[in-house]
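Reviewing the structure listed below.
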Amino acid sequence: MASTRLSRTVGAGNRQTWTWSGWVKRSKLTYDSASLLGTYVNANDQFNMYFSDADELWMFFYNGTSYYLKPNVKYRDTSAWYHIVAVADTTNATSSDRWRIYVNGERMTDVTENQPTQNLQMSINDSNTMEVGSFNSTKYFDGEMAHVHFIDGTAYDADTFGETDATTGIWKPKTAPSVTYGTNGFFLKFENSGSMGTDSSGNGNNFTVNGTMTQTIDTPSNVFCTMNPLNVPSLAPTFENGNTVCQTNTGDPSYFAGSGTLGVSSGKWYWEIKCISGSDSGYVVGVTGNVSGLSVLPGFPGQTWDTEGYGYYAPDGHWWNNGSDQGAYGNTYTTNDIISIALDLDNNKLYFAKNGTWQNSGDPTSGATGTGALSITDPASTTGGYYHATCGSGGSATYHKYGYNFGNGYFGTTPVSSAENPDDGIGIFEYSVPTGYRALCTKSINAEEYS
């Protein structure tokens, strides 16, 4: 949500008992007070539920005395959705039960806490501005949210809103939980892209969208690949828009390297990268079978790329492997060009396209023949399958900015114009997806793994 928030002025509700349930996917780590739910009345009356700069989850209320609950866990997985349920019931005679936090169905009992006094009245639900995704119009949450519920007047446990999948054993959302929402209760589905603050509880408690909120098909039931901010060298890029945009920082040199969050070891996979800005310096896109190799700069000329890494170099159109120029491959690419990658791990072939044209007269559907393909190491011999890999540089006053579409249908905040789909219908792309190829997402990967 970055600099976007939802806000609504609520009426008088139950100030002692309520429940918040939401699925959240973090993008930016280690920054101060990424708020999920907040109300600020004044310096002596405020509530905030947030991720701290130590990546810890807090419930916090201050009215002259600080009350708080914090699980002794750090939440740093940017590839996963967390289901968080926060329960408040200050009428409870058991002090340790007045505030409760559940994550992915499990109550957090190893906690640091100063529980509210019995029957404490809180301002979070009483004739004030309630914010989702920010606190006092600051402390913005950077990431994604889905299935956000607020229950006014009832304390529900996590199994009201989620359940364990009988086949996979994974915690999943109940899309229509049986709850009584109460006066100020709401259910944000985010299913109307033109009105993301619409309340689906039946109460009509709609929120105002402040800023630009982008709808995504990345959900708790189907997670799409993004760039991984936890796997970068010391000269890290700036990650934006749910880690689907990377930008080098100015400086000399301002190299960076990065990889995707989802790896694959079989099947056929497709994704796209767009150069948004910074066309005057080197850039490489490709794949790596050794993400730990990204502690150096994979594929960039003069740097080290392990033997499991393959890249397509922007300034001269050559391809690179193991830190060495392997010769001419395709056309150069620059600002506003879109590079498509087709990875065929059934035949260990790799293809690149520029603006919809497969380079080196490639044909990703040619199978074992591998027409125009780069032959790559069998994934069984790699350190863990293949991941998207990228690296680049800017000069002392320039930078690169690239957008990655792993199937969400956007380059940054700009939607693709043609909305092409893979055969299985999962994913939205700018260019036609070769027959048999899929988007890098958990549903498609699971279908491949269990086929």
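Just so it is clear, none of the values below were taken in a lab; they were calculated from the coordinates. Here the structure is a predicted model, which is why all the values come from computation and not from measurement. A quick note on method: Cβ atoms are made from the backbone with ideal geometry, for glycine too, and the neighbour counts reach across all protein chains shown.
What the table below lists for this structure:
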quantity: Using a Förster distance of 41 Å, the FRET efficiency for residue 217-residue 117 (Cβ separation, nearest 0.05); calculated: 0.40
quantity: Stretchable slack from residue 316 to residue 346, in nm (0.36 nm times residue separation minus alpha-carbon distance); calculated: 7.9 nm
quantity: Ranked 130, 108, criterion: other C-beta atoms within 10 Å, fewest first; calculated: 108, 130
quantity: Cα centroid separation, the range 340-358 to the range 37-93 (Å); calculated: 45
quantity: Three-way shape label, the range 5-210, alpha-carbon gyration tensor, a/c 1.5; calculated: rounded
quantity: Stretch gain in nm, segment residue 193-residue 62, where the contour uses 0.36 nm per residue and the Cα spacing is subtracted; calculated: 43.6 nm
quantity: Estimated distance in nm for a label pair at residue 435 and residue 180, the labels positioned 7 Å out from Cα along Cα-to-Cβ; calculated: 5.9
quantity: Environment charge at residue 131 (Cβ cut-off 10 Å; Lys +1, Arg +1, Asp -1, Glu -1); calculated: +3
quantity: Fully extended contour minus Cα-Cα distance, from residue 3 to residue 107, at 0.36 nm per residue; calculated: 34.4 nm
quantity: For the range 146-179 versus the range 412-435, the gap between their alpha-carbon centres in whole angstrom; calculated: 31
quantity: Binned Cα-Cα distances of the chain, short to long, each 20 Å bin given as a whole percent; calculated: 25, 49, 24, 2
quantity: Per-pair calculated FRET efficiency, R0 = 35 Å: residue 414 and residue 378 via Cβ, rounded to 0.05; calculated: 0.40
quantity: Förster radius 25 Å - calculated FRET efficiency between residue 96 and residue 138 (Cβ-Cβ, nearest 0.05); calculated: 0.20
